[in-house]
Amino acid sequence: MWYEQAADEWMKSVPLGNGRLGAMVYGGVETETLALNESSMWSGQYDPDQHIAFGRERHDALRQLYFDGKFLEGHKIAHDSLRGVKHSFGTHLPIGDLTLDFVYAGEGQCQKYRRWLDMEKGLALVTFEKDGVKYRREYFSSNPQGVLVFRLSADKAKQISFTASMNMLREHAVIKTEKNRLTFEGQALFPKQGKGGVHYFACIAIKTEGGSVQQQAQALKVENADAVTIIVDVRTNYNVQDCESPLTNYESICRQAVDKALQRDYKVLRQEHVADFSRL
């Protein structure tokens, strides 16, 4: 599946996912958009009282009404009582968009653009030429490491410059910078669909080969890098083993996953991902 231009809407972007953590890759040249998603990112909250009590005695009495031919009376009781509580349990929400705003040395037009999804290796790729430089981007969602991995490179030195920031698509997210990391946290709220929502924490780490990474207000600026590896993870406090007992260590789980992936060379991350994906 390949394209000769970047996606201009979500439905035209390329999907990646490892079953828990995913991204939609737009492939923009001037601005890359990566729409992030996580399987437990739900609004709403656990409610143990979603049913209306209807004991055995009432059930037997209802059956007797039908046996006695009192169908309208029985139907009214069944309609009013044999149902759940009328309120929403919430809805799944997108995390937000990671945007990379690029700066190029020249002002020439983009040429030989190609964007595609490699279904054998589980990779999304973008290649193009601009001002005599060949650029290549690779994206995948690693199941072995449990993180998203993005790789930006060029065939000439010091050609990768961009600013990374988050568009959270909602209010009340807290976005911070920590050296070469961009973190954000908050709660998946959607009041129209009910109260509550999971709490989440995300970490985006940038590792450069050459160049520099600078902190800005809620953003990270990369200048003159030869190549860049970006590691992303998002975790929530949803406890799949016991939904009544939310996790308290989801932030540390997220940070540990990112730290572990950062310690591995990009080639190793790619090789283990391709080997894992190719078995499917």
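If you line up the long axis of helix 71-81 against the longest principal axis of the chain, both from Cα atoms, how many degrees apart are they, to the nearest 10?
40 degrees
Under the rule of at least 5 residues apart or a separate chain, name every residue whose amide H is placed under 5 Å from the amide H of residue 158.
Those lying under 5 Å, H to H, from residue 158 are 226.
Match the structure shown to one of the listed values [x] 141; [y] 174; [z] 152 of volume of the Cα convex hull per residue in Å³, computed from it, and give that label.
[y]
Please identify, among 101, 68, 80, the residue showing maximal mean-square fluctuation in a Gaussian network model of the chain using a 10 angstrom Cα cutoff.
68
Quick one: 10, 2, fewest Cβ neighbours within 10 Å first, how do they rank?
Working: 10 13, 2 10.
Lowest to highest Cβ neighbour count: 2, 10.
Expressed in nm to one decimal, what extension gain is obtained for the pair residue 167 and residue 66 from 0.36 nm per residue of sequence separation less their Cα-Cα distance?
Working: separation 101, 0.36 × 101 = 36.36 nm, distance 5.76 nm.
Extending this stretch completely gives an extra 30.6 nm.
Which lysines, on any chain, are close to residue 134 with Cα under 21 Å apart, when same-chain ones fewer than 8 places away are left out?
112, 156, 158, 207, 267
Check cross-link reach from residue 192 to the lysines: straight Cα distance under 25 Å, and skip same-chain residues fewer than eight apart.
86
How about residue 260: which aspartates and glutamates have a C-alpha closer than 12 Å to its C-alpha, ignoring those fewer than 8 places off in the same chain?
Hits, sequence-local ones excluded: 233.
Need the full-extension length gain, residue 187 to residue 271, defined as separation in residues times 0.36 nm minus the C-alpha distance. One decimal, nm.
Contour length minus Cα-Cα distance gives 26.8 nm.
To the nearest 10 degrees, how steeply does helix 250-262 sit against the main Cα axis of the chain, on a 0 to 90 scale?
So the helix axis and the longest Cα principal axis differ by about 30 degrees.
Coordinate-derived values only; no laboratory data. Because the structure is predicted, anything quoted here is derived from the model rather than measured. Note that we place each Cβ from the backbone using ideal geometry, even for glycine, and neighbour counts take in every protein chain shown.
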